[in-house]
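Working notes, beginning with the structure itself.
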Amino acid sequence: MTVEESNIRILFVEDDPNLSMILQDYLEMIGYQIDHAKDGDEGLKFFNANSYNLVILDIMMPKKDGFTLASEIRETNDKIPIIFLTAKNLKEDRIKGFQHGCDDYITKPFSTEELRLRITAILKRCMLQQEPDTSVKVETFQLGQFHFDSTNLLLSGFGSERRLTRKEASLLKLLCHNKNNLLPREVALEKVWGENDYFIGRSMDVFITKLRKYLKADENIQINNVHGIGFKLEVKED
């Protein structure tokens, strides 16, 4: 079964009526179910009321921009893939998009074929990640005073417990497997994000900063940056 034949439901949030009509007609023609919202507020109402496999967001919209909407979506769902559409091609905007949790970023103007290929690639990657693997065993790690349950995405220590996002947990798990050794940037990008890209690399730096914050209560734990090469999770054993 191809992605297009899988009854995939997409939330499409775009305020340009002409572009909206063209893209909605095209995506429905190739087999996707499309719900179109004309602004960020309406988009959030659609998202909260329905179940989707993918979200496509314009960035510059009335009432609520795409960055804000993506952040609100990520508060309740850290797994659903998000694609940003934008007329801007600035590096800072692309980085900001990944920081707000997007999985891909398409600059206008673009072809419908490019959009189709990007959607297909993202959905296939997500479906592979969701396939059950009966060979996977529960993996837990002791990091100083912290206990990390990578299977259930839980980091506990100092009397509290934090549920990580899937990407946070995947990145910390990689660091744990390479504890006190170098984890190359390209390895982390390929294994956690599925590709090695400059802009995704900047997003990974944000995730590293978050992990440092989560672990800072234990002074024996450091995530050090080896400039331009990778990261090293250093844990001083008592």
- Item | Tally of residues being at pLDDT 85 or above, charged (D, E, K, R) and surrounded by 13 or more Cβ atoms within 10 Å (Cβ to Cβ) across the stretch 106-132 | 2
- Message: Looking only at residues that are β-branched (V, I, T) and surrounded by 18 or more Cβ atoms within 10 Å (Cβ to Cβ) in the stretch 73-88, which one is farthest from T120 (Cα to Cα)?
- Response: I73
- For residues in the stretch 189-210 being without any contact (Cβ under 8 Å) to a residue 24 or more places away in the chain and closer than 21 Å to K124 by Cβ, which is surrounded by the fewest Cβ atoms within 10 Å (Cβ to Cβ)? E195
- Query: Filtering the stretch 154-188 down to residues that are of a type in the set (A, V, I, L, M) and surrounded by fewer than 19 Cβ atoms within 10 Å (Cβ to Cβ), which residue is farthest from F84 (Cα to Cα)?
  - Reply: L182
- Message: Suppose we keep only residues that are over 14 Å from L172 (Cα atoms) and of a type in the set (D, E) within the stretch 211-238. Which one would you say is surrounded by the most Cβ atoms within 10 Å (Cβ to Cβ)?
- Response: D218
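Give the number of residues within the stretch 29-72 that are part of a helix (DSSP H, G or I), touching a strand residue (DSSP E or B) at 6+ places or on another chain (Cβ under 9 Å) and surrounded by 13 or more Cβ atoms within 10 Å (Cβ to Cβ).
As a first pass, look at the stretch 29-72 and keep what is part of a helix (DSSP H, G or I): 29, 40-49, 66-72.
Applying the additional criterion that residues be touching a strand residue (DSSP E or B) at 6+ places or on another chain (Cβ under 9 Å) yields 40, 42-47, 66-67, 69-70.
Still in the list and also surrounded by 13 or more Cβ atoms within 10 Å (Cβ to Cβ): 40, 42-44, 46-47, 66-67, 69-70.
Within the stretch 29-72, residues that are part of a helix (DSSP H, G or I), touching a strand residue (DSSP E or B) at 6+ places or on another chain (Cβ under 9 Å) and surrounded by 13 or more Cβ atoms within 10 Å (Cβ to Cβ) number 10.
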- Those residues that are in contact with a strand residue (DSSP E or B) (Cβ under 9 Å, 6 or more places away or on another chain) and more than 18 Å from V187 (Cα to Cα), I need them from the stretch 210-233; list them, please. R212, Y214, L215, A217, D218, N220, I221, Q222
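The values are calculated or read from the model by the stated rules, or taken from the named source; none is laboratory data. Predicted, not measured: the structure shown is a model, and the values here were computed from it. Quick reminder, even Gly has a Cβ in these numbers, built from the backbone with ideal geometry, and neighbours come from all protein chains shown.
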